[in-house]
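Remarks on the structure that follows.
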Amino acid sequence: MNLEDDIELSDEEEEITADTVLKSIQSAWQNERLAPEILPHRNDMVECMLGQIQHMERNINKLPKTDLRASIHKMELSRIKFIICNYLRTRLNKIEKHCIPILNEEKQRIESGTNYLTASEYKYAQEYLLNMQNHLKTVVLNKVPNNMQTFETSKMAVYPNLQTHVFLQANETVNGVVLEDIFGDQDEEIDLEEGSQHILQYKPVADLVKNGKVQLI
């Protein structure tokens, strides 16, 4: 009934502990909350943990209601559910805010097999954009002259600010991180030592966040 049980990912043969999966989800959740752009989904880990939650709930229900362990495990399950729900909600908020650029970029990623969205998220993004277009046509465009009724998607796009600064910790040593000079004079190159913490622009470390070499904090 604890998080030390071994579980198996649906698309892998390697068995890992539920505690390892939970740590991966916590890391993904933290990065997603703090990154300005949407990150590659971790649906495999989410599905894994949801299965483990069902297993734990069945075991908890077997305990007497007066057993203190039941209350403790229910509190832990509530915490895990909150993390998963907030992780998914954060991604949906980003899809709604940056729907147009996310869809444009995702179409290219799908062709190369490097998609960031799950199938459900991609469908949600498409439907959200369609509903937004229909709403604008009903509320605005249908009430203006015909020559002004064109919906220009590119002009409606809201892009994430990749120049925003983030607080991060290096999970491993990374050499040669190039920091762009905002004034265009001269770029700076720095090394990130394992365990070191920094405040940097997001754009130069975006790929490091996605491949797990740094953690946003």
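List the residues, sorted by chain then number, that are 5 or more residues from LEU192 or on another chain and whose placed amide H is less than 5 Å from its amide H. So LEU192 has HN proximity to VAL174, ASN175, GLY176, VAL177. The structure shown yields Rg and Dmax of the Cα atoms in Å, and of the options (1) 21.7, 71; (2) 24.1, 82; (3) 23.8, 85 that calculated value carries the label (1). Pairs of C-alpha atoms in the range 15-105 farther apart than 21 Å represent 41 percent of all such pairs. Label sites at VAL139 and ASN93, each approximated as a point 7 angstrom past Cα along Cα to Cβ, lie 2.1 nm apart.
Here are some pairs, LYS155/LYS210; LYS107/LYS137; LYS74/LYS203; LYS81/LYS213; which of them have Cα atoms lying more than 32 Å apart in this structure? Could the numbers behind the result be given before it?
Values: LYS155/LYS210 29 Å; LYS107/LYS137 25 Å; LYS74/LYS203 40 Å; LYS81/LYS213 26 Å.
In this structure, LYS74/LYS203 exceed 32 Å between Cα atoms.
GNM remark for the chain: springs join alpha carbons under 10 Å apart, and the peak mean-square fluctuation among LEU68, LEU88, LEU39 falls on LEU68.
For the range 157-217, which whole percent of the accessible surface, found with a 1.4 angstrom probe, sits on carbon and sulfur atoms? Write down the numbers at each step before the final one.
Numbers: 1670 of 3740 Å².
For the range 157-217, the apolar C and S fraction of the accessible surface comes to 45 percent.
Over the residues of the chain, the helix contribution to mean residue ellipticity at 222 nm works out to -17500 deg cm²/dmol, using -39500 (n - 2.57) for each DSSP H run of at least 4.
Quick one: accessible area per residue over the range 36-122, 1.4 Å probe, rounded to a whole number of Å²? Don't skip to the answer; put the middle values down first.
Details: 4910 Å² over 87 residues.
In whole numbers, the range 36-122 has 56 Å² accessible per residue.
The values are calculated or read from the model by the stated rules, or taken from the named source; none is laboratory data. Everything quoted here is computed from the prediction, not taken from an experiment. No Cβ is skipped: glycine too gets one built from the backbone with ideal geometry, and neighbour counts run over all protein chains shown. In case anyone asks, the SASA skips ligands and DNA or RNA and just uses the protein heavy atoms, side chains included. Shrake-Rupley method; radii C 1.70, N 1.55, O 1.52, S 1.80 Å.
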